[in-house]
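Enquirer: Could you have a look at this structure, given as structure tokens, before my questions?
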Amino acid sequence: MNNTANHIRSFVRREGRITESQRHAIEHYWDQFGIEFSHAEIELDKIFHRSAPKILDIGTGMGDTTIMLATNHPENDYLAVEVHRPGIGSLLRQIVANGLTNVRISNHDVIELLQYQIPVNSLDMVYIFFPDPWPKKRHHKRRLISQPLLNLLKPCLKSHARVFIATDWQDYAEHILEVFAENKELINLSGHGQFAPRPHWRPLTKFETRGHKLEHQIWDFIFTCRK
């Protein structure tokens, strides 16, 4: 695969304020639900103790959306990716509080996770809800949705897998359409250059709520993988 050792990260690690309950959750539950980064592939069925649809949920924030989806769809397994410790602690706390067994967490850069740990043809769905828009033009190179991401993601997708994305930044929405249009294996299910209706099952996120308050439009996308 491509060498991504020097790639520009789409995030900046900020500790922020971490609560005692979040710190407690990391200290006591990470070993049970966390996935340490390595250069070895993850045996997804093994870590979830079953064979079930596998969903990669990228950038889960405080984890509320992931918890709601995992609770409403116990038939699916969710690999959540979040790098900020308060979010990781919040998600771990909610996993335990809700008695969930279908969520695991990676705290590593998703680019390297895809490069080394996610097996080929293993993902049924990918969720990227409200990624950091990096609105200043000089920061656009940090945007997660990019050719390097898609080049690593495509091999990991099963044939006809779905990729769901949402953003409330218009220029990022236009950028997403352009990036995906360059990939013949990733098909826009709404038609070339078109946006998708909001999926009825997608929970209202904190960032979506903030977007509404700022009177931003919300743009949804659904792509499928053709192999």
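The values are calculated or read from the model by the stated rules, or taken from the named source; none is laboratory data. In this text, all values refer to a predicted model and were calculated from it rather than measured experimentally. Here Cβ is always computed from backbone atoms with ideal geometry, including for glycine, and neighbour counts include all displayed protein chains.
Enquirer: Only one residue in Leu69, Leu79, Leu44 is out of contact with any Cys (no Cβ under 8 Å at 6 or more places or on another chain) and within 17 Å of Phe207 (Cα to Cα), so which one is that?
Expert: None of the others qualify; the one that does is Leu69.
Enquirer: Another question about this same structure. Please work out if Pro135 is surrounded by fewer than 18 Cβ atoms within 10 Å (Cβ to Cβ), at pLDDT 95 or above and closer than 19 Å to Gly61 by Cβ.
Expert: For Pro135, the condition - surrounded by fewer than 18 Cβ atoms within 10 Å (Cβ to Cβ), at pLDDT 95 or above and closer than 19 Å to Gly61 by Cβ - is not met.
Enquirer: Hey, another quick one. Do you know which residues across the range 9-40 are touching a helix residue (DSSP H, G or I) at 6+ places or on another chain (Cβ under 6 Å), part of a loop (DSSP other than H, G, I, E, B) and at pLDDT 95 or above?
Expert: Result: His39, single match.
Enquirer: Just give me the residues in the range 41-69 being farther than 20 Å from Ser159 by Cβ, part of a loop (DSSP other than H, G, I, E, B) and of a type in the set (A, V, I, L, M, F, W, C), in sequence order.
Expert: Residues satisfying the conditions are Ile42, Met62.
Enquirer: To continue, here is another question. Does the range 150-167 include one or more residues that are small (Gly, Ala, Ser) and in contact with a Leu (Cβ under 7 Å, 6 or more places away or on another chain)?
Expert: Checking the range 150-167: at least one residue is small (Gly, Ala, Ser) and in contact with a Leu (Cβ under 7 Å, 6 or more places away or on another chain).
Enquirer: Restricting attention to the range 98-121, and to residues there that are assigned to a loop (DSSP other than H, G, I, E, B) and more than 15 Å from the chain's Cα centre (by Cα), which single residue is surrounded by the most Cβ atoms within 10 Å (Cβ to Cβ)?
Expert: Per the stated criteria, the residue is Asn102.
Enquirer: Quick one: in the range 150-167, of everything that is touching a Pro at 6+ places or on another chain (Cβ under 9 Å) and buried (at least 21 other Cβ atoms within 10 Å of the Cβ), which residue is nearest to Arg210 (Cα to Cα)?
Expert: Checking each candidate, the answer is Thr167.
Enquirer: May I ask you to verify whether Phe37 is crowded, with 17+ Cβ neighbours inside 10 Å and of a type in the set (Phe, Trp, Tyr)?
Expert: Against the criterion (crowded, with 17+ Cβ neighbours inside 10 Å and of a type in the set (Phe, Trp, Tyr)), Phe37 does not qualify.
Enquirer: Among the residues of the range 144-163, is any at pLDDT 95 or above and at positive phi?
Expert: Checked the range 144-163: at least one residue is at pLDDT 95 or above and at positive phi.
Enquirer: Considering each residue of the range 211-227, count those that are of a type in the set (Lys, Arg) and without any contact (Cβ under 8 Å) to a residue 60 or more places away in the chain, and give that number.
Expert: Of the residues in that region, 1 qualify.
Enquirer: Restricting attention to the range 22-34, which residues are over 15 Å from Leu100 (Cβ atoms) and surrounded by fewer than 12 Cβ atoms within 10 Å (Cβ to Cβ)?
Expert: Correct list: Glu27, Asp31.
Enquirer: Here are Lys184, Lys206: which of them is of a type in the set (Lys, Arg), modelled with pLDDT under 95 and under 30 Å from Glu41 (Cβ atoms)?
Expert: Testing whether each residue is of a type in the set (Lys, Arg), modelled with pLDDT under 95 and under 30 Å from Glu41 (Cβ atoms) leaves just Lys184.
Enquirer: Give all pairs with beta carbons closer than 7 Å in which a residue from the range 185-210 that is within 23 Å of Ile67 (Cα to Cα) meets a residue that is among the polar types (S, T, N, Q); count only pairs at least 6 apart in sequence or on separate chains.
Expert: From residues that are within 23 Å of Ile67 (Cα to Cα), the pairs are Pro203/Thr65; Thr205/Thr65.
Enquirer: Sort out which residues of the range 86-114 are in contact with a Ser or Thr (Cβ under 9 Å, 6 or more places away or on another chain) and of a type in the set (Gly, Ala, Ser), and write them in order of number.
Expert: Listed by number, the residues that qualify are Gly87, Gly89, Ser90.
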